[in-house]
1. With respect to VAL135, is the statement that it is within 23 Å of ALA235 (Cα to Cα), touching a Pro at 6+ places or on another chain (Cβ under 6 Å), touching a residue at least 24 places away in the same chain (Cβ under 8 Å) and part of a helix (DSSP H, G or I) true?
2. Let me confirm something: among ALA322, ALA295, ALA339, ALA332, which residue is under 24 Å from HIS84 (Cβ atoms), among the small types (Gly, Ala, Ser) and surrounded by 15 or more Cβ atoms within 10 Å (Cβ to Cβ)?
3. Could you count how many residues in segment 32-71 are among the basic types (Lys, Arg) and in contact with a Leu (Cβ under 9 Å, 6 or more places away or on another chain)?
4. Tell me, which residue of segment 178-201 that is out of contact with any Pro (no Cβ under 8 Å at 6 or more places or on another chain) and hydrophobic (A, V, I, L, M, F, W, C) is farthest from ILE130 (Cα to Cα)?
5. Can you tell me how many residues in segment 269-299 are of a type in the set (Asp, Glu), under 21 Å from LEU200 (Cβ atoms) and under 20 Å from the mean Cα position of the chain (by Cα)?
6. From the set of residues in segment 248-293 that are outside any strand (DSSP E or B) and of a type in the set (Lys, Arg), which is nearest to SER146 (Cα to Cα)?
7. Taking the residues in segment 56-76 that are outside any loop (DSSP other than H, G, I, E, B) and out of contact with any helix residue (DSSP H, G or I) (no Cβ under 7 Å at 6 or more places or on another chain) as candidates, determine which candidate is surrounded by the most Cβ atoms within 10 Å (Cβ to Cβ).
Amino acid sequence: MSTLVTGGAGFIGSALVRKLLAEGEAVCNVDALTYAGNRLNLGSADRSNTHRFFQADIADAAAMQTAFAETKPSLVMHLAAESHVDRSIDGPMPFIQTNVVGTAVMLEAATRHWKSLPEAERSAFRFLHISTDEVYGELGETGLFSEASPYRPNSPYAASKASADHIVRAWGRTYGLPVLVTNCSNNYGPYQFPEKLIPLVVLNALEGKPLPVYGQGLQVRDWLHVDDHVSALRAVAARGKPGETYLVGSRNERRNIDLVRKLCAIIDRLHPQGAPHKRLITFVTDRPGHDARYAIDPGKIETELGWRSSIPFEQGLEDTVAWYMANRDWCAAVAPKYARERLGLKA
């Protein structure tokens, strides 16, 4: 029996796959290798004899049935998704196709597989759907998202993930499939595609390019290191109760402008050429419908499953900057897929 990971060549998925393989588990890795998926993200794990890679679209029902039939997983960790809000503004339909239709196809294949298992294996089987806090919309200056927060998605991306969450829960209720859902805050760390804020700022700063900050940079985000996220997913898969939702965060709220200034200060120390890098900060037109604040209350996963984030934000941020500086070959390899142009202005 193995773990089937969708999106396992992406940012969070590859961190999960690397961890699973390091712990001696067998992994079936399903990834379509779109612009943000890259087998380079897997490093030496891609050569493991317990790692099987399927290049396939999760919306391809025949391919998903083959992946289940050939690897017979005991656990599905479903991360494959279109995930960049700005891209969803420019072109929402790929988000609907992958995040909504693809999730439904995965659930169909998983249900068929689950029903074919012997009773003991059927009882142990889990389908873990990994989602985002953006499904809850935006917060005011106070308050936190919890598992009881109402769904109020405000972007095509968030709406597609909200739809997927509901579909997963419906499969659990209607067909009895043992499903779990997690909703996480903003991830950061190594191997993140440079359309996202932190790697974009780091790479632009190293090259002396403008550091774009939307509006006045007053939007607040709750930051979670990808390795902490992976440990949370492992805890939910191992100890979570089917049918339950767990919010994953580390209580690291920062305004975007403060985060960018902090990154500039770290880069000044690690790469003094061109300092002070904060001179490169450039305020640009805000994203249409930009949510003002996200923040997660992770009390449920901490209390019920004993998980807690362990990577201090300051250390995690510095390690992330250092990783991008030390891995310029990886940066060069992904550069042709995205010229770091502004996205998300077609609304």
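Every number in this text was worked out from the coordinates using simple rules, so none of it is lab data. If you're wondering where the values come from, they're calculated on a predicted model, not measured in any experiment. Cβ: placed from backbone, ideal geometry, glycine included. Neighbour counts: every protein chain shown.
1. yes
2. Checking each option against the conditions leaves just ALA295.
3. So the answer is 1.
4. Selected residue: VAL201.
5. Adding up the residues that qualify gives 1.
6. The residue in question is ARG251.
7. In this case the residue turns out to be ALA67.
Residue-by-condition table, conditions (1) in a strand (DSSP E or B); (2) within 27 Å of PHE313 (Cα to Cα); (3) touching a residue at least 40 places away in the same chain (Cβ under 8 Å):
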| residue | (1), (2), (3) |
| --- | --- |
| ALA104 | no, no, yes |
| ARG112 | no, no, yes |
| ALA120 | no, no, no |
| LEU128 | yes, yes, yes |
